[in-house]
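The values are calculated or read from the model by the stated rules, or taken from the named source; none is laboratory data. The shown structure was predicted, so the numbers you read here are calculated from the model rather than taken from an experiment. Cβ placement follows ideal geometry from the backbone for every residue including glycine, while neighbour counts extend to all protein chains displayed. The accessibility values were calculated without ligands, DNA or RNA, using every heavy atom of the protein model including side chains. Shrake-Rupley method; radii C 1.70, N 1.55, O 1.52, S 1.80 Å.
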Amino acid sequence: MDGHVRVMLVTSNVGSAFEEPDGVQQIWLCELLEAVRQGSPHFLAVHLQELGGKNYETTMKEVRQFVRSIRDSDVMRKYDRMLALLDEDFQNKQTFTALGCLFFIHKSLGDIQLWSFREHTFETIFDKTVIGGSLSDSPFHHKVKFPVDFFPEFKWSRKGFLHTKWQLCGRVMNLVNVHLFHDASNLTALKCPSPYCLNRQRALEHVLKLVTEEGGESCPTFYFGDFNFRLDLQKVVKHLCGHLSPQWSRNGSGEVCEAVYRNEGSDRVLRIAEKCFQYKNSSQFLSDSGKEVTAITCYMDNNIL
């Protein structure tokens, strides 16, 4: 060691990877391993969200093989210690988050320890360990599923955070895997302010508070996960449609199910439904990688950051 420790932090929502194990998952694994090969980190932390995919009841059993595919690859042979924390117990609805954390330690890195939240002391990592189930027996993490009252208008889902604390060569750092709420409906997201954005802000404030209470203010803390940040949809629509007014449609129950914006010639410019956003000239988003609208962000209150 030359005194410098190379740390690589990776985050990925792997829901789609488990839906296509022979397609997306293989591409994902190749990209991760190539990044490790090129970066040669001494310490690798991989934060995962949506372990087991959307249909986790049937595909959660594939998670362990997924982890083995990384651990046993040629690229990872120089990493002689590993810790995997896998929240797999989907039957425990009160605590299930589908979060996973993988940590790999290079054989050249001698002094590394992990904080025990139970004993309130650092413990040395010696081998390769996989901890799964509900993680209730593991002292090496602080896992929280967001309370049910954080979902006043939405279905209680697999959202929360998983916090670990490491000491590398005498330096301490917190790593926090976060999964915040997504936008379940484009129609709801049209409101200003968006209730989804407000829920994400509230949840992140909750994470910051709990991590700080665990001593997170005394050392560097890295929050990386799936924050589900979105564009401000109302501003995007105004940018794309200008002065045009929407034509609202309702379903048999009287609920709004669609908004259509038409120009003076009655040509449809934009159609918005719960899971639909159809713009007449969508190719413009591809031509400049969406730079035209990426400035229209839906950031949370700057006071909490």
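Inspect all residues belonging to region 70-78 and state whether any of them is within 26 Å of Ser134 (Cβ to Cβ), within 17 Å of the chain's Cα centre (by Cα) and among the aliphatic types (A, V, I, L, M).
no
Take the residues of region 284-305 that are part of a helix (DSSP H, G or I) and at pLDDT 65 or above: which is nearest to Asn199 (Cα to Cα)?
Filtering region 284-305 for residues that are part of a helix (DSSP H, G or I) and at pLDDT 65 or above, the one nearest to Asn199 (Cα to Cα) comes out as Thr294.
Does Arg81 meet the test of being charged (D, E, K, R) and part of a helix (DSSP H, G or I)?
Here the answer is no, as Arg81 does not meet what is asked.
With open to solvent by 60 Å² or more (accessible area, probe 1.4 Å) and either at pLDDT 95 or above or within 20 Å of Val5 (Cβ to Cβ) (or both) as the only criterion, which of Glu57, Glu88, Glu123 stands out?
Only one candidate qualifies: Glu123.
Taking region 94-112 as the search range and keeping residues that are in contact (Cβ under 8 Å) with a residue 60 or more places away in the chain and over 20 Å from Lys165 (Cβ atoms), which one is surrounded by the most Cβ atoms within 10 Å (Cβ to Cβ)?
The residue in question is Ala98.
Quick check on my filter: what residues within region 113-136 are free of Cβ contacts under 8 Å to residues at least 24 places away in the same chain and either closer than 26 Å to Ala203 by Cβ or small (Gly, Ala, Ser) (or both)? Walk me through it before giving the result.
Keep residues of region 113-136 that are free of Cβ contacts under 8 Å to residues at least 24 places away in the same chain, which gives 118-121, 123-124.
Residue satisfying the conditions is Arg118 alone.
Going through region 222-231 one residue at a time, which ones are within 25 Å of Phe285 (Cβ to Cβ) and either among the small types (Gly, Ala, Ser) or out of contact with any helix residue (DSSP H, G or I) (no Cβ under 8 Å at 6 or more places or on another chain) (or both)?
Correct list: Asp226 only.
Is it the case that Gly133 is small (Gly, Ala, Ser), at negative phi and part of a loop (DSSP other than H, G, I, E, B)?
On the way: small (Gly, Ala, Ser): yes; at negative phi: no; part of a loop (DSSP other than H, G, I, E, B): yes.
No: the conditions fail for Gly133.
Could you please find all residues in region 152-177 being without any contact (Cβ under 8 Å) to a residue 60 or more places away in the chain, under 17 Å from Asp226 (Cβ atoms) and either assigned to a strand (DSSP E or B) or within 13 Å of the chain's Cα centre (by Cα) (or both)?
His163, Val176
Of all residues in region 142-151, which are over 12 Å from Phe96 (Cα atoms), open to solvent by 20 Å² or more (accessible area, probe 1.4 Å) and either out of contact with any strand residue (DSSP E or B) (no Cβ under 7 Å at 6 or more places or on another chain) or assigned to a loop (DSSP other than H, G, I, E, B) (or both)? Break it down stepwise before answering.
In the first step, residues of region 142-151 are kept if they are over 12 Å from Phe96 (Cα atoms); the result is 142, 148-151.
Next cut, open to solvent by 20 Å² or more (accessible area, probe 1.4 Å) only: 142, 148-149.
Val148, Asp149, listed by residue number.
Go through the residues of region 272-283 one by one and say whether even a single one is open to solvent by 40 Å² or more (accessible area, probe 1.4 Å), over 20 Å from Leu180 (Cβ atoms) and in a helix (DSSP H, G or I).
Yes: one or more hits.
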